[in-house]
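Structure in structure tokens, see below.
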Amino acid sequence: MAQAAPGETAPAAAGSPAFESAVARTRDADTLKALSADGQILYQRERVKLDGYQYCSQAVAQAERGELRDSIRSASKALHIGQAQGNDDLIAVSKRDLAIAYSYGGDLDRAEQYAQEALSHQAKNPQIVAGPAYKILGDVAARRGKLPVAIDFYGKAFDAASDRFRPLVSLSLANAYVANGDARSGRDMYSRTPPPEGPLLPLYQRGLGNLLLVEGKPAEARQAFEAAASTATGADAAYHRLWSLEGMARSDLALGDKRAARARFVEAARQSEAIRAKFRSEEFKTGLFGDVQKIFEQAIALSMDAGDVEGAWDLSERSRSRALLDIVRDRVATGGVELTGAVSRKDVSAALRKGETLVQFHSLDDRLLVWTVNANRLEGRSLPLKRSELDAAVEGLRQSIFERRRNTPELAEALYGKLLAPLALAADERLIIVPHGGLHYLPFQALRGPEGYLIQRNPLAVAPSASVAVQLARKSLVTSGKLVAFGNPANSAREDLPGAEREVQLIGKLFPDRRVFYQREASKTRFREAAGGGRILHVAAHAEVDNIDPLHSRILLAAEGNDPGFLEAGEVYGVDLKGVSLVTLSACESGLGRIARGDEIQGFTRSFLTAGASGLVASLWPVSDDSTELLMTTLYGELSRGSEAIDAMRRAQLAVLTQKKFAHPFFWAPFNLIGDWRLRAGG
């Protein structure tokens, strides 16, 4: 939370102090200075201290497993040791490892920075630093679509690489030529690169299939993909067969057989659900980035084109479950409920009451798909809004809100016209919004139509997927109110939050049955002991999003001894919250995190719901103390009188909106209600 000056709307040039502070924290969190400082703290806490190069080996192994934040921490310890010893070689290797982790995590700016930094140091064995560093620079350029630049860097990596590393670079270089449409150079590279042994062979054959497609030989390409399927062995055989099937589907498209292509894409999507989630760094090493969501997108698009609206909707649902598996993998133990399965459209319709409509989006490269589901029917349509255009429009509105500009209503009207006006939704209809992609960052309540802001026209809630919404509604709890709250935890990592403490004090007065913890008492130990004992769990504290590894996003609770008090999203999965109706994270940016294609923003949302909570209130941007206090006290006052959550949230937002000094969406629109929109926690 942050103290924002209530009242006037700031001019366009003046940014919100809270927003600017949040941006600065995100920007500075992973700087070399901060990483080195973190490395020093982590190293000092180690009971068994390793050699700097051992930490580098640890960092590489962790990156290979997809434990990216842990990899960064290991490399940071090596960086600290290298700087303390004046060991330029160790510094070079540690920066190489940082570049690897950030590259795998999709933070291309950091990956590029640290790869360049690694090259600036004198390594004892240049091959082990220069080869990977140049290759990472090539990977960054390839993922940005700058293929000629990628080819140049891959060429430098090829020249600098060790004999062991060079075959990987060869595949990446060949794949870059193919992606750039240079079939001749791609063919030359493949002819000079012998088929590798082991797990890289199917990747080699898939790349060859892509080359044949570029050469205009789809029938031969299909044979290459079939060969990749037949040579796949071991634990990853099913995964390689999945991608071979995807290649065959693209070959069918090139042959003009859309029906066969659709059948293969749909089958590939279904097969993906049976494959155990695993981080596959080989995909990154060779430049064949195996994004399973691309399979779902092709299957969804072809199904809609074929008029199979329900089939496309079902695939959209399944893609969200698959994306969760790819994020969580086997890294957390869930002590709550299983929320990964997809339910049928009939199940969704049966769960909806009269006057309730589920609005589900799926963003594709060339269009936006939207389905509306109610108790009687399913309708689907394509809106002419490219993903890049949609993301730019959402970001423009958010930036306007952050800076409290006067043009916010105009931008909100433009997005309303593109997203919701075509749906002809009835006034006062309860809307359950299932966003996708950049829409997870959009405060739908702040969209503005002819009758005013959407929240003035319709009550609304958000759900990670239709399936999650239905499952949570089925387990909806109606109980007497019991509050467990944490306010203003004492944590030296960030500034004090007196407004958060006052907020919890006021809320506590509404609940005779309560346990409230402030400052030093608001610790992680207390959270683990007490969080599941209430029907409402309220946390008013700082929160930090980890964009590299969402499971390491954290809430800053009170420090205890050597424990800094950071409650990470991955730890929340193991807390039993099955008796909790509503969790409120009255914290800066608590609802944000990395967007996973096909599913919700991965951060706190899924962890609290999977731990057993029925609903979650989380913020989309740094919030103002004064307006948040009014919103929260109104929200809980409504809940204590027996209102359902969707109605309580609407009245709370309207209570803030109608205050002249808080009329801008910056003050009243930051919080989303996520999950069971009908939950009641009192009355």
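With Val484, Val516 as the choices, which residue is at pLDDT 90 or above and either farther than 22 Å from Glu644 by Cβ or not hydrophobic (A, V, I, L, M, F, W, C) (or both)?
The match here is Val516.
Take the residues of region 634-670 that are farther than 20 Å from Gly534 by Cα and basic (Lys, Arg): which is surrounded by the most Cβ atoms within 10 Å (Cβ to Cβ)?
Once the filter is applied, the top-ranked residue is Arg650.
Restricting attention to region 229-258, and to residues there that are at negative phi, of a type in the set (Gly, Ala, Ser) and modelled with pLDDT of 95 or more, which single residue is surrounded by the fewest Cβ atoms within 10 Å (Cβ to Cβ)?
If we take residues in region 229-258 being at negative phi, of a type in the set (Gly, Ala, Ser) and modelled with pLDDT of 95 or more, then Ala254 is surrounded by the fewest Cβ atoms within 10 Å (Cβ to Cβ).
crowded, with 20+ Cβ neighbours inside 10 Å and out of contact with any helix residue (DSSP H, G or I) (no Cβ under 7 Å at 6 or more places or on another chain): which single residue out of Pro464, Pro459, Pro435, Pro450 fits that description?
Pro435
Could you say which residue among Ala461, Ala446, Ala493, Ala427 is touching a residue at least 24 places away in the same chain (Cβ under 8 Å) and within 26 Å of Leu577 (Cα to Cα)?
Ala461
What residue, among those in region 403-434 that are assigned to a helix (DSSP H, G or I) and in contact with a Pro (Cβ under 8 Å, 6 or more places away or on another chain), is nearest to Ala351 (Cα to Cα)?
Filtering first and then ranking leaves Ala412.
Okay, moving on. Can you work out which of the residues in region 32-56 that are within 17 Å of Ala118 (Cβ to Cβ) and crowded, with 16+ Cβ neighbours inside 10 Å is nearest to the chain's Cα centre (by Cα)?
Leu35
Let me ask something else. What are the residues in region 111-129 that are under 23 Å from Lys33 (Cα atoms) and part of a helix (DSSP H, G or I), if any?
Correct list: Ala111, Glu112, Gln113, Tyr114, Ala115, Gln116, Glu117, Ala118, Leu119, Val129.
May I ask you to list the residues in region 352-364 that are surrounded by fewer than 20 Cβ atoms within 10 Å (Cβ to Cβ) and among the small types (Gly, Ala, Ser)?
Across region 352-364, the qualifying residue is only Gly355.
From (1) free of Cβ contacts under 8 Å to residues at least 24 places away in the same chain; (2) out of contact with any Pro (no Cβ under 9 Å at 6 or more places or on another chain), pick out the condition that doesn't hold for Ala141.
Here Ala141 clears every test but (2).
Check off (1) modelled with pLDDT of 95 or more; (2) of a type outside the set (Phe, Trp, Tyr); (3) surrounded by 24 or more Cβ atoms within 10 Å (Cβ to Cβ) for Ala101 and give me the number that stays unchecked.
(1)
Within region 111-119, is there a residue that is in the same structural domain as Gln54 (by TED's automatic domain parsing), at pLDDT 95 or above, hydroxyl-bearing (Ser, Thr, Tyr) and buried (at least 20 other Cβ atoms within 10 Å of the Cβ)?
Checking region 111-119: at least one residue is in the same structural domain as Gln54 (by TED's automatic domain parsing), at pLDDT 95 or above, hydroxyl-bearing (Ser, Thr, Tyr) and buried (at least 20 other Cβ atoms within 10 Å of the Cβ).
Out of the residues in region 215-228 that are among the aliphatic types (A, V, I, L, M) and surrounded by fewer than 20 Cβ atoms within 10 Å (Cβ to Cβ), which is farthest from Pro196 (Cα to Cα)?
Among them, the one singled out is Ala219.
Is one or more of the residues making up region 193-212 closer than 26 Å to Ser230 by Cα, in contact with an Asp or Glu (Cβ under 9 Å, 6 or more places away or on another chain), surrounded by 23 or more Cβ atoms within 10 Å (Cβ to Cβ) and free of Cβ contacts under 8 Å to residues at least 24 places away in the same chain?
yes
Go through region 129-166 and give me each residue that's surrounded by 22 or more Cβ atoms within 10 Å (Cβ to Cβ) and of a type in the set (Asp, Glu).
Hit for region 129-166 is Asp139, nothing else.
Does Asp163 satisfy the condition of being outside the structural domain of Leu208 (by TED's automatic domain parsing), out of contact with any helix residue (DSSP H, G or I) (no Cβ under 7 Å at 6 or more places or on another chain) and in a helix (DSSP H, G or I)?
Judged against the criteria, Asp163 is not a match.
Scan (1) in a helix (DSSP H, G or I); (2) buried (at least 24 other Cβ atoms within 10 Å of the Cβ) for the single condition Leu673 breaks and write down its number.
Just one mismatch for Leu673, condition (1).
The values are calculated or read from the model by the stated rules, or taken from the named source; none is laboratory data. What you see is a predicted model; the values in this text were computed from it and never measured. With ideal geometry, Cβ positions are generated from the backbone for all residues, glycine too; neighbour counts draw on all protein chains shown.
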